[in-house]
Amino acid sequence: MKLFQRLKIWKELKRLEAKVHENPSPSTYVDLGQVYLNMEMTDHTVRVADEGLSLFPNSEELRKLRKFAQKAQLNAKIKDLRVRLNKSASPKIYKELADQYLELGDFGAVQGIAEECIRRFPEDAGAYFVLAKARLTNFYRDMSSRDGLDAVRGLQRVVDLERKNTKALKMLAEVLIRVGALDDANEYLQRAKKLMPSDRETESLLREAQNGKRMQGSIDSMFHHVEERGTMVNASIAADKPQPRVAAEEAIGTVRDYLAQLVEVDGVIKACYIKGSKAMVKGDIRDGNDGFLRVVRVVAKAAQRVSRRMDIGNFSKASIDGEFGHICVCSFGDVVAALQCEFGTPVDRLLADLQELVAGSLYMSRGAER
Amino acid sequence: MTSIQDILEDLRVTASLKGCLVMMHDGIVVATALDRSLEGDVVSGLTSFLTSTLRRVLTESGLGGFTSLTVHSTHGKVLMVDIGTSYLVVTTNQFGRLDLSMPEIQEAALQLRRLSRISL
C-alpha cells in the first residue's frame, strides 16, 4: 500500500514538474511546492518557491509558501544555534540567532536575544544593530514613535561603537529624513560620504536631505507627529524607483516605458530587452552592433550552458563588474533584460527591477496568447 | 605563511560555501576546497569557458576587462573574482548569501593576490 501511495505521489510530482515548465504561473508553482511540503521535503519547497519568485516576484502565494517552508528550515537552524549558545556563548552566535529570528519575523525573540547579548557583551555593536533593525521594521510598519525612537537610539549607539558602519549611518539618515529631521540626517550622511565617496545611495539620500520637507522641533516630537498623523513626512527613497506595471492587456509599450524608466534611474547608462533575435534598447546605444548588446547575448547564452552543465539549474541572473561599471543581466527562457550602470549604483535593486521586467513581459505575452 | 590551500579551506568554512577553487586564466586548477558533490576539473573547465568567453567579448566590444562575475541559477550561484594571474571561483547553493559572505571572499582574494605576487 505504501509503495503504491509513493508511486502515486512521484507520478503526481512528475506531472506537476512538467506542468510548471510548460505553463509557469504562481498557482502551478504553489501546487508543486505544496506536494513537496506534504512530503516534508522543505528544501525542495523552498527551491520551487524561489524558482517561482524569480519569475513572479510579486506573487503573494509564492511568498507565503516560501515563508512557510523557510520557517521549518529556520526552526531547525535555531535549535542548532541554541545548543551552540548553551555550550559557548559569543556575540557571533547571538547575532546569527537573532538574524534567524529576524528572518522568521519573530521580533519578540529578536529583542530578547539582542537584549541578552547586550547584557553579556555591552561593547558589541552587532546586537545593537540587529535590535535597531527590528525596531525600525516595526516603526515602518506600525509608525509607533516608541519603536522609531528606540531604533534611532540603537543606531546612534552602533555608529558610536563602529564609526565606519556605513550601513547603519545610511539607515539612521533614512529614518531621520522620513520623519523630517533633515539636518540630523545630513550630518550622518556627510559621515557616510566621507567613508564611501562614490556611493549612489548616499548621494540619493543627500539629495533627499536637501530637498525634502523639513520639520521643526525635537526628534521626539517629529516621531510623535508621524504617529499622530499616520503618515511619514517624506516618502521612501525606494519609492523613487520605477514601479512595475504588469497587466495582461498592456502590450510591448509597457516594456518600452519600463526600459525608459530604468534608464532614468541615477547611474544607469543603457538598458535593453531582448527576445529571440529582436532587441529593444534605451539609453546610450549606437545601433544593433553595440558592444553592450553583444556582451549581454553572449553572457546569457554562456551562463545558461554552464549552469546546466554544472547541474545548478537554469541561469536566472548575472552581474559583471569591470572598468565599464556594472552590467546586470536577467534571463528567463528566450527573454533577456540587461542594463549597464556606473560604479556605486545599487546592483541588487536594479537586478530586481530587471526580474520584474522579464516576469512582467512573459506574463503579458501569456495573457495575449490566451 | 598561510598556503593557498589553507586560505581556500578557511574561506569555505567561514563563508559557508559549497566550494571554492583557484584556477589560472587558462583553466588550470591551482588549488581546490570543494564539497564532495563537486569536481574541481568540471568546475574549472566550465568556469574557464565562461570567463574566457566573457573576456573575449568584452575586449572585442571595447569594454576592457572584468573584475568579477556572479551567476545566479535556480539551484546555485557561482562567483568568479579576478585575482591577477588567476581567478578565485566560489560556489554556493541557491540559499547561499554571497552578499553576506562578500567581506570574507574579498579578504581571501586579497590574500591570494598577495601570495601570487610573492611567488612571482
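The values are calculated or read from the model by the stated rules, or taken from the named source; none is laboratory data. Treat the numbers as computed from the prediction; the structure is a model and nothing was measured. Cβ coordinates were reconstructed from backbone atoms using ideal geometry, including for glycine residues, and neighbour counts include every protein chain displayed.
Laid out as a table, the results:
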quantity: Positions within region B:64-87 being within 7 Å of chain A (Cβ to nearest Cβ) and either part of a loop (DSSP other than H, G, I, E, B) or of a type in the set (D, E, K, R) (or both), in sequence order; calculated: B:GLY64, B:GLY65, B:THR74, B:HIS75
quantity: Exclusive hit being away from chain B (no Cβ under 14 Å), modelled with pLDDT of 85 or more and either within 22 Å of A:SER319 (Cα to Cα) or surrounded by fewer than 16 Cβ atoms within 10 Å (Cβ to Cβ) (or both), set A:ILE252, A:ILE274, A:ILE219, A:ILE269; calculated: A:ILE274
quantity: Members of region A:149-167 found to be within 24 Å of A:LYS193 (Cα to Cα), part of a helix (DSSP H, G or I) and not aliphatic (A, V, I, L, M), listed by number; calculated: A:ARG153, A:GLY154, A:GLN156, A:ARG157, A:ASP160, A:THR166, A:LYS167
quantity: Complete set of residues in region A:21-32 that are part of a helix (DSSP H, G or I) and at pLDDT below 80; calculated: A:HIS21, A:GLU22
quantity: Yes/no for A:ARG157 being out of contact with any Pro (no Cβ under 6 Å at 6 or more places or on another chain) and more than 16 Å from A:VAL130 (Cα to Cα); calculated: no
quantity: Conditions (1) in contact (Cβ under 8 Å) with a residue 60 or more places away in the chain; (2) closer than 29 Å to A:GLY52 by Cβ; (3) assigned to a helix (DSSP H, G or I); number of the one not met by B:LEU17; calculated: (3)
quantity: Members of region A:297-318 found to be under 19 Å from B:GLY96 (Cα atoms), buried (at least 22 other Cβ atoms within 10 Å of the Cβ) and either more than 7 Å from chain B (Cβ to nearest Cβ) or in contact (Cβ under 8 Å) with a residue 24 or more places away in the chain (or both), listed by number; calculated: A:ALA303, A:SER316, A:LYS317
quantity: Where B:THR32 falls short, out of the listed (1) of a type in the set (S, T, N, Q); (2) surrounded by fewer than 20 Cβ atoms within 10 Å (Cβ to Cβ); (3) away from every other protein chain (no Cβ under 12 Å); calculated: (2)
quantity: Qualifying positions in region B:88-105 - at the interface with another protein chain (Cβ under 9 Å from one of its Cβ atoms), assigned to a loop (DSSP other than H, G, I, E, B) and not aromatic (Phe, Trp, Tyr); calculated: B:GLN94
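Listed here are the residues, each with its yes/no results for (1) within 14 Å of chain B (Cβ to nearest Cβ); (2) loosely packed, with under 14 Cβ neighbours inside 10 Å.
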{"residue": "A:PHE68", "(1), (2)": "no, no"}
{"residue": "A:SER88", "(1), (2)": "no, yes"}
{"residue": "A:LYS95", "(1), (2)": "yes, no"}
{"residue": "A:GLN111", "(1), (2)": "no, no"}
{"residue": "A:GLU116", "(1), (2)": "no, no"}
{"residue": "A:ARG119", "(1), (2)": "no, yes"}
